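Laboratory data are not the source of any read-out in this text; all were calculated from the coordinates shown. Just so we're clear, the structure is a prediction, and the values are computed from it rather than from any experiment. Note that we place each Cβ from the backbone using ideal geometry, even for glycine, and neighbour counts take in every protein chain shown.
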Amino acid sequence: MSKPSPRLKQAIEVATKAHEGQLRKTGEPYIIHPLAVKKILEEWNMDEDSIIAGILHDTVEDTDLTLREIEDQFGLDVAFLVNGVTKLSKARSGMKDLDEYLPETGDNLLKLLIATGQDVRVLIIKLADRLHNLRTLSALPPEKQKKIARESLEVFAPLADRLQMGHVRVEIEETSFRYLDPRRFEFLENLTKERLKQADKKLKNAQHAVEDALKREKIDYECDGRVKSIYSLHKKLAKYNQDINRIYDLIALRFIVKDITTCYLVLGIIHSLFRPMEGRVKDYISLPKINGYQSLHTTVITPDKQIVEFQIRTHEMHEYAERGLAATFFYNEQKLTEAYAEGRVSKLPPQLHWIRELQETSAKLAKGEKVDTDKLKLNLFADKIFVRTPKGDIIDLPRGSMPLDFAYRLHSEIGATCTGAIVNGKMVSLNTKLKQGDIVEIITTKNQKPNPGWLDKVFSKHARSKLLSQLNAALPNFSAKKEPNPNQDLGKNKKKA
């Protein structure tokens, strides 16, 4: 392991002095935590500014150290990142009011984190911070353990998923679930072990058959296995009435090859050996998932009646699947350019171009080049807008939403009794499209009832579903078949609120 740079040494000294006398719940000196965050960020191959910000991430909030002092000693970028992490903490503390009317507080906090985080590195530092807190959760009382575990499961695991940091998501989910429902966790853990024991020989037979075929074709590959995480299994069993026999991807064999052409060649070889299950072949290379994940998946039935899922991807796809956007800080620009040129990474669709831009910008940053920090701003929710209540709470809505969408997002009763809306201090009609950053206030009257005309004034699936349910309950002759096409241009609607 290489020695820390002078800047890293200085950051450790500054943080140690700032946190002097502070203790963690474990009784250890507080500096143990930022040093652990530093280690995690180093394992993720983050750039030096991010690692330094990780060391200093709690100083502005918990010590006398100021942002100006951090900027003077470590530069504007580090100060910007530390300030971003501090803002996230303050935003989190301001979320309490949402519990009064938002059942999906966790999802809203996820969007708030992303809206506030701006620079993707801020979110990655925050994930490292939360990961270490989870690893030391045993030091807290049971009630606090469950609270942190639930928030981690509902907010930080999805955040890791959005950033395509697979290993991090799984660790957060597994640790959190173990604290939230230890009996269920132990039951599923034992069930998985038993299934693995039963399938071990048949899985090895399938693996050896594919490996022999690839060797005959002189195809270079790496192979490893993936066992479905306990929490993922828990969620999937709920969909299939707890029938473990309907879970076909409990175990997957993963083949990693040099380029995209070879991925499809390996898929053909697997299908020549085993019978693919209908509807179980998925091409995430041609059509990546929204977070950029790429791989080929196929589920087959072997001659000895074993159901096996295979995943096939390139080395770059695998790195991205495991470490996600954190991996982009490791690859240099030349490697990225070569990967695209040689076909080891496919062209991303237009809605994912931000990922490539982020990779290229991050690569320059890692080499110490000056970059446009706007390129590091997140575009994970290009189809979303963030608006605020008069109290300052952030509400996420689909782009194209109107005041009734906002009202129903707060509560179905607020939607049902809505008589008007005030946006940025001015009365507006109910068919006004909301914009990013609008401050929205809903006016309600107890005697107000929803009416079919409102179907022209809602855009989101959530609001439409709630409104239809209310109309069906209140109007015996109402038919949902009369509702307008939700894809129509609602901006051209000329009806007045």
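Taking amide H positions as placed 1.01 Å from N in the peptide plane, with prolines and chain starts having none, which residues 5 or more places from Ile385, or on another chain, fall under 5 Å of its amide H?
Leu397, Arg399
Taking 10 °C and 1.306 mPa s as the conditions, I'd like the Stokes-Einstein D for region 238-312 in µm²/s, using the Kirkwood hydrodynamic radius from alpha carbon pairs.
120 µm²/s
Quick one: pull the percentage of alpha-carbon pairs in region 391-454 with a separation above 17 Å.
The share of Cα pairs beyond 17 Å in region 391-454 comes to 33 percent.
Could you give the length gained by full extension between Arg135 and Arg150, i.e. 0.36 nm per residue of separation minus their alpha carbon distance, to one decimal place?
4.0 nm
What is the distance in Å between the Cα centroid of region 172-250 and that of region 21-47?
Centre-to-centre (Cα) distance: 33 Å.
Can you pick out the pairs among Lys282/Lys457; Lys146/Lys204; Lys9/Lys147; Lys426/Lys466 whose Cα atoms lie more than 30 Å from each other?
Among Lys282/Lys457; Lys146/Lys204; Lys9/Lys147; Lys426/Lys466, the Cα-Cα distance tops 30 Å for Lys282/Lys457; Lys146/Lys204; Lys9/Lys147.
Spelling out what I want: for every residue of region 244-251, take phi, set θ = phi - 60°, compute 6.51 cos²θ - 1.76 cosθ + 1.60 (Karplus), and round to whole Hz; glycine and proline get x.
After applying 6.51 cos²θ - 1.76 cosθ + 1.60, I find 5, 5, 9, 9, 8, 10, 4, 10 Hz.
Residue by residue through region 421-431, which ³J(HN,Hα) values in whole Hz follow from phi under the Karplus form 6.51 cos²θ - 1.76 cosθ + 1.60 (θ = phi - 60°), with glycine and proline marked x?
9, 10, 10, 6, x, 10, 5, 9, 6, 6, 9
Over the Cα atoms, compute the radius of gyration (one decimal) and Dmax (the largest Cα-Cα distance, rounded to a whole number) for region 183-317, in Å.
So, for region 183-317, Rg and Dmax equal 15.3, 48 Å respectively.
Go through region 62-74 residue by residue and turn each phi into a ³J(HN,Hα) via Karplus (6.51, -1.76, 1.60, θ = phi - 60°); whole Hz please, and just put x for glycine and proline.
Going residue by residue, I get 10, 9, 7, 5, 9, 4, 4, 5, 5, 5, 5, 8, 10 Hz, with x marking Gly and Pro.
Would you mind computing, in nm to one decimal, how far apart the modelled labels at Met277 and Glu186 are, each placed 7 Å from Cα along Cα→Cβ?
According to this spin-label approximation, the distance is 3.1 nm.
Between Met277 and residues 5 or more places away or on another chain, which pairs have amide H atoms under 5 Å apart, with H built 1.01 Å from N, and which residues are they?
When sequence neighbours closer than 5 places are left aside, the close amide H contacts are Thr299, Val300, Ile301.
Taking the highest mean first, how do the peptides 409-421, 445-457, 166-178 order by number of other beta carbon atoms within 10 angstrom per residue?
With the highest mean Cβ count within 10 Å placed first, the list reads 166-178, 409-421, 445-457.
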